[in-house]
Amino acid sequence: MSLPLLDSFVAALREVVGREYVRSDASSLTTYGQDALLQPCPPDLVVFPSNTAEVSRIAALCNEQRVPLVVRGAGTGYTGGAVPTAGGVVLSMERLNRILEIDQENLLAVVEPNVITADLQRAVERVGLFYPPDPASLEQSSLGGNVAECAGGPRAFKYGTTKRYVLALEAVLANGEVVRTGSKAVKNVVGYDLTQLLVGSEGTLAIITKITLRLVPKPPDRATVAAAFATIKDAVDAVTALIERRAVPAAIELIDEESLVAAALHSGVQVAPPGAKALLIVECDGIPAAVQDELSLVVRACETAGVMSVRRASSEADRAELWAVRRQISLALRATGLLKLNHDVVVPRGRVPQLYDAVEELRQQFGLRIAAFGHAGDGNIHVNLMVDRKNPDELSRAKAAERALFERVLALEGSISGEHGIGYAKKPYIAMELSDEVLALMRRVKTAFDPNNILNPGKIFP
Ligand SMILES: Cc1cc2nc3c(=O)[nH]c(=O)nc-3n(C[C@H](O)[C@H](O)[C@H](O)COP(=O)(O)OP(=O)(O)OC[C@H]3O[C@@H](n4cnc5c(N)ncnc54)[C@H](O)[C@@H]3O)c2cc1C
């Protein structure tokens, strides 16, 4: 923990943002001391700036006093990134929540960091544009948090993750300096690409205060199907068949039996027919003729894998219900009351079958319940070890299974995190993937940005 904050420091913060925007009441410290990892650690203070100049002055004050400064978006992160594990100040960006510009001529939007992802999507869709990144948390997560974690989502299969859409950033450095990286042009090779360096930097390098995002035209048509399979292997085979047929749907999501059962219990909606042990949700978008062609490819690929049934969403409400159930799987698994150790591992696309084989082996070897669902088209599967938290033996088997999972994923030339980042939850494992030399280089980058290590200390690096 950090040392007690000086009264003069707190007074200076109050002067910057106003007394009501510096909080230390118990309820604020609890609320802003946790994220979706649900392992709280309260800060000393929560500060709510309203503009870049205030952020800059707060950073400079923290830097002078060596006070940890943890930026927070919406607090939906899964790896404890926004949790102030070293105490200090949580900088809540929630007042910086305006869409500043939707530039229809140049196909871009300029936003403050705490615009909610789905709010931007709705705003740009009203003028025929499209912002594809769609984390399942899109109704809660902030664009700043999405950039800082390089969020993905179902549509990443066709459209890529957040990094593909970030053109330029305004950011405040640890010492309070304000920098602007990138530009509104879609091409820019002047100097190092600091914009992309900040994408995925988890609040450890700078505080993002303005984001310029690339947009694309809104696809005029889309069709969504739910394909049910009698075994997980058949569903995985269908994904392989889809990729072999060179189909490029917007999304290919795979839900296994454990997740289907939890989702049905939680939502009260049965999206899979009786007897189904796996479900694929596939969405195609584009011009109507292309959507129809792609849909035929999808159905044929599912048939070659022995699909039980293919149901096309009959209306927008039907489609929305399907996606709502998919997006709530995480919450549904939590609602089982079991401890959910969530790992968003990713393997090269063609190796999803081997990943599911590995998950089955782990189930047998460690005697654990495992729910494995997610972005099958990307090879990015959320592997959730479901553990009885009151059973110490099961907990220790789960810990061993985590490491075994990462070993298998790395042997498949994958990565231990596709979209949730490292935060502090995954830092014990980062050296399994990155060499000493790479980690040392990353530490030198961190030191160049933040020599006093005030920005999100204790994150990423073991
Ligand atoms: C139900 C559920 C479903 C999810 N589904 C997905 C999914 O499909 N895909 C996916 O990628 N993720 C998913 N997530 C994880 C999470 O929503 C994403 O990581 C999201 O991008 C976090 O955004 P946030 O605003 O909540 O960030 P926070 O949790 O507040 O912060 C995350 C990290 O970003 C840093 N940060 C936040 N704002 C800034 C800023 N302005 N400048 C610098 N650093 C900043 C923080 O310091 C922290 O390290 C899911 C989470 C939940 C709870």
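The values are calculated or read from the model by the stated rules, or taken from the named source; none is laboratory data. Source: prediction; values computed, not measured. All Cβ positions, glycine included, derive from the backbone under ideal geometry; neighbour counts span all protein chains shown. Areas reflect the complete protein model, heavy atoms only, side chains present, ligands, DNA and RNA absent. Shrake-Rupley method; radii C 1.70, N 1.55, O 1.52, S 1.80 Å.
Miscellaneous remarks
- Other residues within the sphere of radius under 13 Å centred on the Cβ of residue 343, judged by their own Cβ, net out at 0 (K and R +1, D and E -1).
- Probe 1.4 Å, protein heavy atoms only - accessible area per residue of the chain in square angstrom: 42
- Here the chain is treated with +1 on each Lys and Arg Cβ and -1 on each Asp and Glu Cβ, and its dipole about the Cα centre works out to around 180 debye.
- If you wrap region 340-443 in the convex hull of its Cα atoms and look at it from every side, the mean projected area works out to 6.6 nm².
- Region 398-462, Rg to Rh (Cα coordinates; Rh as Kirkwood inverse mean 1/r): 1.01
- When only alpha carbons are used to place a centre, region 354-393 and region 163-184 end up 38 Å from one another.
- Region 26-126 has equivalent-ellipsoid semi-axes of 28, 17, 10 Å, by the square roots of 5 times the alpha carbon gyration tensor eigenvalues, sorted largest first.
- Two numbers describe the Cα atoms of region 299-344: Rg and Dmax, which are 15.0, 39 Å.
- Eigenvalues of the alpha-carbon gyration tensor of region 138-199, scaled by 5 and square-rooted, set the equivalent ellipsoid semi-axes at 22, 16, 8 angstrom, largest first.
- Size descriptors for region 197-323 (Cα atoms only): Rg and Dmax, in that order, 17.5, 50 Å.
- P(r) weight above 26 Å for region 258-400, C-alpha pairs, percent: 31
- Mean Cβ count within 10 Å, highest first, over the residues of peptides 131-139, 320-328: 131-139, 320-328
- Just so you know, the Rg over Rh for region 17-75 is 0.96, from Cα atoms, with Rh as the Kirkwood radius.
- Residues whose placed amide H lies under 5 Å from that of residue 380, excluding near-sequence neighbours: 347, 375
- Contour minus Cα-Cα distance for residue 440 and residue 64 (0.36 nm per residue): 132.8 nm
- For region 51-186, the Kirkwood estimate of hydrodynamic radius, built from reciprocal distances between every pair of different alpha carbons, is 15.8 Å.
- Amide H contacts of residue 141 (H built 1.01 Å from N, under 5 Å, at least 5 apart or other chain): 117
- The amide H of residue 101, built 1.01 Å from its N in the peptide plane, has 110 as neighbours under 5 Å, considering only residues 5 or more places off or on other chains.
- Accessible carbon and sulfur surface of the chain relative to its total accessible area, %, 1.4 Å: 53
- Charge context of residue 387, other residues only, Cβ under 14 angstrom, K/R +1, D/E -1: +3
- Per-pair calculated FRET efficiency, R0 = 45 Å: residue 396 and residue 183 via Cβ, rounded to 0.05: 0.30
- C-alpha center-to-center spacing [region 61-95, region 253-275] in angstrom: 36
- Relative contact order, percent, the chain [alpha-carbon distance under 8 Å, six or more residues apart]: 15
- If you wrap the chain in the convex hull of its Cα atoms and look at it from every side, the mean projected area works out to 22.0 nm².
- Considering region 233-301 at the alpha-carbon level, its Rg and Dmax are found to be 13.4, 38 Å.
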